[in-house]
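Visitor: So that we are looking at the same thing, I have put the structure below in structure tokens.
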Amino acid sequence: MLTYIILIINSMLVANMVFHYILGICPYLGVSRKIDTSLGMGMAVIFVMTFSSLVAYLIQILVLDPLGLGYLQTISFILVIASLVQLVEMVLKKYSPPLYMALGIYLPLITTNCAVLGVAILNIRKGHNILEVIFYSVGASVGFALALVIFAGIRERLALGKVPKSFRGFPIALVTAGILSLAFLGFAGLAQ
Amino acid sequence: MSLASEFTKGLWNRHPIFRLLLGMCPALAVSTKAVNGIGMGACVIFVLVGSNVVISLFRKVIPNQVRIPVFIVVIATFVTVVDLLLHGLAPEIHKALGIFIPLIVVNCIILGRAEAFAQKNDLLMAISDGLGMGVGFTWGLVVLGSIREIFGLGTWFGMKVIPEGLPTVIVMILPAGGFITLGFLLAAMNRIEHCRTEQS
């Protein structure tokens, strides 16, 4: 049990997807202007990342490895993610139209979120078993959502402050992300 | 739009990293050393030009509703090719770039150019655009990597440039250094653009 808790702490805080692996930066910078859109995007990412990592793992173990098709990993994983996002879109459109409207363009953009593909590949590279895949992916996606919401909170305040003209918009956002990354270094060594 | 202008727009006016703000993940993660910038840039040029060529050639045949999955499969194929080539021909670069080689498939630059340009333009324009964006991406990575390597390790392409006694700023090669350096670079480019538009 403890190993799984350590796994989650690792993927959520110590080796955070945004601040340590530098994954998912495009949506991270693009979506994080307001806290509520960030929350919505974070939820969607948690769902997609966990399920796609699971399906990708199963495909690797049941299809790619036995048939020696390791080189098809990139193609098959990205197809899994694209299909899953499409499925989520269809399900949300039918069963929860308000949530679908709220997420808007961000839902199809999860396909190009390098964090989702990155975590799927990382699970294989780290040699996780199926339970570890689930815990690691949940931790990673919650960590991403956490990074997103914290960042949105700061950016909402930044928008009201006096920022030098050249820095307005993305430059100051990037510097903020850098300082946040430094802050998250404080978690280093928390869990092995 | 001439062939030459399609090429040069990717070098400054429509620079993928600094102007279009695409491809940030590899730009930040891989640019810990200047030489990694060249390695990643070469891979991206290969995939970008390759996928632009294929998508431009087949643009009249690809149905509109399934175009994004088709683009993704084309790009993923080229990424797989470059991954295997690099693994065999340049294993140190393969190891240095690590997980970011398969992640080229979700590099927004490549999908972005396929969607915005290659599917609407003929072969030569698509090649020109791909080359321009790829070379622009490469020089952006090399500049970013050079700054981080010089201040963070005291070397440039492996050669020592900072004399022994002076300290190096290790944070520059950490993710935080990447974010902050890119932020300052973007601000510098904004400033250059402001001065240019004020003059004209």
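Visitor: Relative to the longest principal axis of the C-alpha atoms of chain A, give the angle of the C-alpha long axis of helix A:35-59, reported between 0 and 90° and rounded to the nearest 10°.
Guide: 20 degrees
Visitor: Still on this model: Where does the charge balance sit around A:Gln73 when Lys and Arg score +1, Asp and Glu -1, over other residues with C-beta under 14 Å from its C-beta?
Guide: -1
Visitor: When Cβ neighbours within 10 Å are restricted to other protein chains, what is their mean count per residue of peptide A:71-81?
Guide: If you average over the peptide's residues, the count of other-chain Cβ atoms is 5.
Visitor: In addition: Considering every Cα-Cα pair within the protein assembly as shown, what fraction, in whole percent, is farther apart than 41 Å?
Guide: That fraction is 10 percent.
Visitor: Quick one: compute the contact order of chain B, relative version, from alpha carbon pairs under 8 angstrom and 6+ residues apart, as a percent.
Guide: Relative contact order of chain B: 35 percent.
Visitor: Would you mind getting me the FRET efficiency between A:Arg125 and B:Arg196? Use the beta-carbon distance for r and R0 = 35 Å, nearest 0.05.
Guide: Taking R0 as 35 Å, the efficiency between A:Arg125 and B:Arg196 is 0.20.
Visitor: What percentage of the solvent-accessible surface of segment B:3-140, computed with a 1.4 Å probe over protein heavy atoms, is contributed by carbon and sulfur atoms?
Guide: C and S atoms contribute 70 percent here.
Visitor: In cubic angstrom, how much convex hull volume per residue do the alpha carbon atoms of segment B:1-158 span?
Guide: Residue-normalised Cα hull volume stands at 101 Å³.
Visitor: Separate question: What does the highest-first list of B:33-39, B:65-71 look like by mean Cβ count within 10 Å?
Guide: Highest to lowest by the protection proxy: B:33-39, B:65-71.
Visitor: Sticking with this one: When the accessible area of chain A is split by element with a 1.4 Å probe, what percent falls to carbon and sulfur?
Guide: 72 percent
Visitor: Give me the angle, in degrees from 0 to 90, between the Cα long axis of helix A:73-95 and the longest principal axis of the Cα atoms of chain A, rounded to the nearest 10.
Guide: Approximately 70 degrees, to the nearest 10.
Visitor: Would you mind getting the accessible area per residue of chain B, heavy atoms of the protein chains only, 1.4 Å probe, in Å²?
Guide: I get 44 Å² per residue for chain B.
Visitor: Please list, short to long, the whole-number percent of alpha-carbon pairs of segment A:1-70 in consecutive 5 angstrom bins beginning at zero.
Guide: Whole-percent P(r) values from 0 Å outward: 3, 13, 13, 21, 19, 15, 10, 4, 1, 0.
Visitor: Under the definition of partner shielding as Cβ atoms of other protein chains within 10 Å of a residue Cβ, what is the mean value for peptide B:192-199?
Guide: Per residue, the number of nearby Cβ atoms from other chains is 1 on average.
Visitor: Sticking with this one: With a 1.4 Å probe and every protein chain left in place, work out the accessible area per residue of chain A in Å², rounded to a whole number.
Guide: Here the per-residue accessible area is 46 Å².
Visitor: Sticking with this structure for a sec: Shielding by partners for B:170-182, please: the mean number of other protein chain Cβ atoms within 10 Å of each residue's Cβ.
Guide: 6
Visitor: While we're looking at this one, here's another question. Mind grabbing the interface size between A and B? I mean buried accessible area, both sides, 1.4 Å probe, in Å² to the nearest hundred.
Guide: Adding both sides of the contact gives about 3100 Å².
Visitor: Quick check: pseudo-label points 7 Å beyond the Cα along Cα→Cβ at A:Ile9 and B:Ile170, how many nm apart are they?
Guide: The two pseudo-label positions are separated by 2.3 nm.
The values are calculated or read from the model by the stated rules, or taken from the named source; none is laboratory data. Please read all numbers here as calculations on a predicted model, not as lab measurements. Glycine gets a Cβ as well: all are built from the backbone with ideal geometry, and neighbour counts include every protein chain shown. These accessible areas exclude ligands, DNA and RNA; they are computed on the full protein's heavy atoms, side chains included. Shrake-Rupley method; radii C 1.70, N 1.55, O 1.52, S 1.80 Å.
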